[in-house]
Amino acid sequence: MVLVLNEPESPHALKAKADCATRGCRAYDLATSRGTVSAVLGLGSVDLERMAGESTSLSVVTPKSPYILAGRAIKDTDTVVTIRERAQIGGGPLAVIAGPCSIESEAQIMETAERVRAAGAAILRGGAFKPRTSPYAFQGMGLEGLRLLRRAGDAVGLPIITEVLDADDIGPVAELADIIQIGARNCQNFSLLRKIGRVGRPVLLKRGMMVTIEEFLMSAEYLLSEGNMNVILCERGIRTFETETRNTLDISAVPILKAKTHLPVIVDPSHAAGTWTLIRPLALAAVAAGADGLMIEVHSSPETALCDGGQSLRPYRFDELMSALAPLAGAMGRAIAGSA
Ligand code: PEP
Ligand code: MN
């Protein structure tokens, strides 16, 4: 059960919020079509119904889904995540995030940043802390790589996104990056989710490869329940019996998520496909299915890439992809978002 305060600044609502704070409840302000409301979530020790009876501005809602803050039961308007006033994800325009799987050198990330920016990407990606299957594989350049990514983003005027693998790195990643990425392997690392939820940075949460849509939304709920409402969901393929692709892109997840949550939903065809030739058809399919954006791996020399070369587009192929996306986005009533 959730107590909804329709006039969050009214005396009754303020009293209800103050009462809750001392009894293990928490109030979340949410922008809805009815204006801002405050949703009070409790742990069961508070008599929410009694409190609701105290004022006409209070009501009780019992959402059908367990993801109370991520669902549409209370917040009925789409969330638009604004990235440092320079880019936005959700709310219409299509946001394309592009860059290499991993930052490998200053020259590599600089060149890629320039190319993806010129092609119309809104956000630059690059992994500094890499989750690799083998402990002997390249693990990323760490903080040094993150600094190079920051410099490249600043040089071309693009916000940056990078993955945080370990709770110890949240501080520096939150300081240097504009969006914190939580990778598929950490989608259900609940203690990491809680810690990242307490940081005031937009978060991109990738769907775990064995995670159902409901579980995915519950992972998002961990972030929201800590007070971070700037969450972007990313479908990146799930594990199935099929071996022709690295993962199976769950295209149905896009319209299903869009119906169930107000959070923006983007698609990463690179990690779904595992092969660059499939990126264009899957990216087009994702946009046709209603995705708010895409994440695409781009590398100027895929054959020598230290990670995920086979699924990376060469810059000129990324140019082609962006050209192919424009008319489809137009047909869907969306533009491709640039960066301010
Ligand atoms: C990545 O984006 O580089 C990555 C490791 O993705 P995922 O967590 O989806 O495997
Ligand atoms: Mn990768």
Legend entry - Cα long-axis angle, helix 315-331 against the chain (0 to 90 degrees, to the nearest 10): 40 degrees
Inset, instruction - Please report, in whole Å, how far the alpha carbons of the range 26-131 spread along each principal axis, starting with the longest. - result: 64, 30, 22
Legend entry - Accessible area per residue, Å², the chain with all protein chains present, probe 1.4 Å: 40 Å²
Inset, instruction - Please report the relative contact order for the range 56-167, taking Cα pairs under 8 Å with a sequence separation of at least 6, and give it as a percent rounded to a whole number. - result: 23 percent
Legend entry - Accessible area (Å², 1.4 Å probe, nearest 10) - Val61: 40 Å²
Legend entry - Computed label-point distance, nm, for sites Glu244 and Ser65 using a 7 Å Cα→Cβ extension: 3.1 nm
Legend entry - Label-point separation in nm, Arg34 to Phe190, each point 7 Å along Cα→Cβ: 3.1 nm
Inset, instruction - In nm, give the distance between the simple-model label positions of Arg86 and Ala155, each being 7 Å from the Cα along the Cα-to-Cβ direction. - result: 1.4 nm
Inset, instruction - Would you check the accessible area of Arg26, probe 1.4 Å, heavy atoms only, in square angstrom rounded to 10? - result: 100 Å²
Inset, instruction - Report, by chain and number, residues whose modeled amide H sits under 5 Å from the one on Leu313, excluding near sequence neighbours (fewer than 5 apart, same chain). - result: Glu297, Val298, His299
Inset, instruction - Return the inverse of the average 1/r over all pairs of distinct C-alpha atoms in the range 104-193, which is the Kirkwood hydrodynamic radius, in Å to one decimal. - result: 13.5 Å
Legend entry - Helix 279-288 axis, angle to the chain major axis (alpha carbon atoms, nearest 10°): 30 degrees
Legend entry - Using θ = phi - 60° and Karplus 6.51 cos²θ - 1.76 cosθ + 1.60, couplings along the range 206-211 (whole Hz; Gly, Pro as x): 8, 6, x, 6, 10, 10
Inset, instruction - State the percentage of accessible surface on the range 209-287 attributable to carbon and sulfur atoms; use a 1.4 Å probe and exclude ligands, DNA and RNA. - result: 59 percent
Legend entry - More than 39 Å apart - percent of Cα-Cα pairs taken over the chain: 16 percent
Inset, instruction - Could you tally up the Lys pairs in the range 81-331 with alpha carbons closer than 17 Å? Skip any pair fewer than 8 positions apart unless they're on separate chains. - result: 4
Inset, instruction - Two decimals is fine: what is log10 I(q)/I(0) at q = 0.15, 0.18 Å⁻¹ for the range 164-282, from a Debye sum with one equal scatterer on every Cα and no solvent? - result: -0.64, -0.89
Legend entry - Surrounding net charge for Phe216, when Lys and Arg each add one and Asp and Glu each subtract one, Cβ distance under 15 Å: +1
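The values are calculated or read from the model by the stated rules, or taken from the named source; none is laboratory data. These figures come from a predicted structure and were not determined experimentally. Heads up, the Cβs are rebuilt from the backbone with ideal geometry, glycines too, and the neighbour counts pull from every protein chain shown. Accessible surface is based on the protein model in full, side chains and every heavy atom, while ligands, DNA and RNA are left aside. Shrake-Rupley method; radii C 1.70, N 1.55, O 1.52, S 1.80 Å.
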